[in-house]
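*Asks:* Okay, handing you the structure first.
The numbers here are math on the coordinates, done by the rules we state, and not lab data. Here the structure is a predicted model, which means the values were calculated and not measured. Here Cβ is always computed from backbone atoms with ideal geometry, including for glycine, and neighbour counts include all displayed protein chains.
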Amino acid sequence: MENSDGSLILQVAIDTPLRRTFDYLAPVPAAATPAGSPRARPGVRVRVPFGRTTKIGIVVAVTDRSTMPRAKLKHAGEIIDCEPLFDPVGFELLRWAADYYHHPIGEVLAAALPAALRDGRSLEEPRLLWEPTPLGLAEATTPSDRRAPTQRALLAHLCVIGPRTTAELGVEFDPAILRAVATRGWIRERPQPALPADVPPGVAPVLRSSSIELTDAQRLAVDRIVESGKRFAVHLLHGVTGSGKTEVYLRAIAGLIGDHGQALVLVPEISLTPQLVERFRQRFDSAPAILHSGLAAGERLDAWRRARSGEARIVIGTRSAVLVPLPRLALIIVDEEHDASYKQHEGFRYSARDLAVVRARRADVAIVLGSATPSLESLENAIQGRYRKLMLPERPGAARAARMRLVDLRRHAVDHGFSQPAIAAIATHLAAGAQVIVFQNRRGYAPTLFCAACGWVATCAHCDARLTLHRHPAGLRCHHCGAQRPPANRCEACGRDLHPVGQGTERIEETLGRLFPGQSIARLDRDTVTTRGAIDALLERVRSGDARILVGTQMLTKGHDFPEIGLVVILDADQGLFATDYRAAERLAQTIIQVAGRAGRATRPGEVLIQTEFPDHPLLRLLIDAGYEAFAAQALAERREARWPPYARLALLRADAKDPVRLDAFLCAASRLAQATAVERSRGVSVLGPANALIARRADRHRAHLLIEAGDRSSLQRFLGDWLPRVESLSAPHGLRWSLDVDPLEVD
Ligand code: ADP
Ligand code: ZN
């Protein structure tokens, strides 16, 4: 029943795990402010009483009705913003995403806001920037004495990098030092000139000319994208690695952005693709706004504001950049659209790639999904005619695609993971002056520590998983919960010697050092590159030719362009061949093609060796002999047969708890509700499980799930809409956590 007495009700989204909004009466008139000041409307922040505290929420709707009795409603407090935070399409997208992913709207909106705005900072508030005073400048050039080295370091730093906020400097310099230097009169704080409110400069960013002449395929792709003009169209740009997709992006943007438009460019991981960002910086005359997780709070707010005001004409960012306000959106690019990092793996589990397509449709603009290894669902969309396919089948100029060869591990002796043919090929390429990549998707020294006498294996005390042996720093580490122990030499069961079994990147590096003494080796994995600077330094070592061999994990697959790689060795293709997950084969094929794509850039002919115990595996054969598209066609046929996506839609209810009995009881109850819901209202929806997760216990919590499968999106959505409120009304046992994942990437 809804009550209406004419007074205004604000529906407010609050950052809590509850799947609902909260009703408040409009602020009491006394608190209201003069004309031209903030008023309640969708998209503005508001302070509201919540329990015993005050929270900052976002007004989602203004109405005159509430399901709550009027007397129970509280008044909202201060309205913070004069203008809605989001552009209308962006705000609609967020509300749509909350519905589609069945995630609390308050958490969705919070995920879309920079932390500073979640904390109630004013959107219009000028940023205070520290800058050197004339006295400071003089001191920096001709120091009067040499005391206070830290203060002098700060002064010198500011002179080099230019004005910065306290927050930005806070990474290296304590606020107390800032104050001390200010007291000396060397630096002062000044408000940054206000950003133009909503008036971007009315000129198109200029794409600087370059010596690159487009290939016919590139030209055709650019023309098609630009021709589709300012209407919704999805272009699937399937370009082999090194075929020049970035050049297509640059020209498509130049062609469509016009005098006011904005382009959004999504990339999987910025720290791993500095080249792409660099090319955008060099080629356009206006600086792109960059958004990624490594930004300081102030930098993030700054980039977000520049996107929102329309001042940033090109916004490059990782996953969450798809949620940023872009009032003049004209084109979206999703680079490496198949990449798993577009899916958020916790909390609000959205797919940035999928949301980008929805956003393009709502904004009625073109979107380009680019990849050398398009996801099977995008290929299926192209087959169905929903996406337009654009091909870049070749590398421009002299660069040739690498030759791929399988090495049958059953027929060759193996030395610590390296077959004789692989060792010989590495030697040949090094002798010819080429660089070599060795890919092994396992970090650490050895994935297992094993007693040959009694069969004991080092396992994690908190997870159903083995501990990985690491050498630098030495220790046994759990890659699932982070637990660490000193390395053991003797078996805990029988006291005899333990042996490391299997190959991690650390051990591969050691073996390469032994096999190829005197060759400089670089290693790229999450243990060697923990900071942005370390990644840059390592990539530079490879690019400059200082490192002759590069060993690495999955991190190697991301768009690096190294001109002198002659050979890529994939040590173990088999991990993915028989995995239980239905996407494992797709992921393996993408990894092989992406890693292989690092070979044979520029003028060097490339070679790829793939070691396997199953050289006759049909999908692997197809991939090597006929290429990714042939593989994809076969893999899609298998998906269709087995009713997996894209021929079905999935949702996964995951739960975990310390007590396995209660966990099971909860999931069984949820399953019974699901069966009932499916029978009553959603025929064609099936419920599987409860089943244990692949790692059935992690960090002392037991993990299991229910899998929901439906023939199409709308029946899945209808089912979830009926079922979830029922699950929410179950009294979950204390300490149990559950979450829903719509379109999960892993059924685990
Ligand atoms: P992709 O992203 O498709 O793997 P890139 O965009 O990184 O490929 O391009 C690979 C290399 O080819 C880059 O060094 C780029 O400058 C160069 N390139 C791109 N297009 C052309 C072209 N038409 N002629 C010559 N070189 C090109
Ligand atoms: Zn563990």
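*Asks:* If you place +1 on the Cβ of every Lys and Arg and -1 on the Cβ of every Asp and Glu, how big does the dipole about the Cα centre of segment 127-192 come out, in debye to the nearest 20?
*Replies:* For this selection, approximately 120 debye.
*Asks:* Between ALA427 and ARG231, what length comes free when the chain is fully extended (0.36 nm per residue of separation minus the Cα-Cα distance, one decimal in nm)?
*Replies:* 65.2 nm
*Asks:* Compute the distance from the alpha-carbon center of segment 518-576 to that of segment 54-124, in whole Å.
*Replies:* One Cα centre to the other: 44 Å.
*Asks:* Also, quick follow-up: On a straight-distance basis, which lysines could pair with LYS74 in a cross-link, Cα separation under 16 angstrom, same-chain partners fewer than 8 positions away excluded?
*Replies:* Straight-distance partners of LYS74: LYS55.
*Asks:* Please report the net charge: other residues with Cβ closer than 9 Å to the Cβ of LEU93, K and R +1, D and E -1.
*Replies:* Every neighbour counted, the sum reads +2.
*Asks:* Oh, and also: As I understand it, the dipole of the chain uses +1 on the Cβ of Lys and Arg and -1 on the Cβ of Asp and Glu, about the Cα centre. Which of SER520, LEU355, PRO733 lies farthest toward its positive end?
*Replies:* Checked the options; the winner is PRO733.
*Asks:* Taking Cα centroids, how far is segment 244-263 from segment 672-691 in Å?
*Replies:* Cα centroid to Cα centroid, the span is 47 Å.
*Asks:* Around ARG184, what is the net charge, scoring Lys/Arg as +1 and Asp/Glu as -1 over all other residues with Cβ under 15 Å from its Cβ?
*Replies:* +1
*Asks:* Normalised by the residues of the chain, what does the relative contact order come to in percent, with Cα pairs under 8 Å and at least six apart?
*Replies:* Across the chain, relative contact order equals 11 percent.
*Asks:* Using unit Cβ charges (K, R positive; D, E negative) and no other charged atoms, how large, in debye to the nearest 20, is the dipole of the chain about its Cα centre?
*Replies:* Around 740 debye, computed over the chain.
*Asks:* If you add up the charges near LEU467, with Lys and Arg at +1 and Asp and Glu at -1, over every other residue whose beta carbon is less than 10 angstrom from its beta carbon, what do you get?
*Replies:* My count for the surroundings of LEU467 gives +3.
*Asks:* For the chain, give the share of DSSP beta bridges that are antiparallel, in percent and rounded to the nearest 5; count only bridges with both residues there.
*Replies:* Taking every DSSP beta bridge within the chain, about 55 percent pair in antiparallel fashion.
*Asks:* While we're here: Can you bin segment 447-486 into rounded, prolate or oblate? Criterion: square roots of the alpha carbon gyration tensor eigenvalues sorted a ≥ b ≥ c, rounded for a/c under 1.5, prolate for a/b above b/c, oblate for the rest.
*Replies:* Oblate, since a/c reaches 1.5 and b/c is not below a/b.
*Asks:* What does the helix-only formula give at 222 nm for the chain: each DSSP H stretch with n ≥ 4 adding -39500 (n - 2.57), the total divided by the residues, and the result rounded to the nearest 500 deg cm²/dmol?
*Replies:* -9500 deg cm²/dmol
*Asks:* Right, next: For segment 727-746 and segment 594-643, compute the distance between their C-alpha centroids and round to whole Å.
*Replies:* First find each Cα centre; the distance between them is then 37 Å.
*Asks:* What shape does the chain have by the C-alpha gyration tensor, where a ≥ b ≥ c are the square roots of the eigenvalues, rounded means a/c under 1.5, and otherwise prolate means a/b greater than b/c and oblate the rest?
*Replies:* Judged from the Cα gyration tensor, the chain comes out rounded (a/c under 1.5).
*Asks:* Let me ask something additional. Roughly how many debye, to the nearest 20, is the charge dipole of segment 9-118 about its Cα centre, given +1 on each Lys and Arg Cβ, -1 on each Asp and Glu Cβ, and no other charges?
*Replies:* 480
*Asks:* Have a look at PRO615, ALA655, SER341 and report the one farthest towards the positive end of the charge dipole of the chain, computed about the Cα centre with Cβ charges (Lys/Arg +1, Asp/Glu -1).
*Replies:* ALA655
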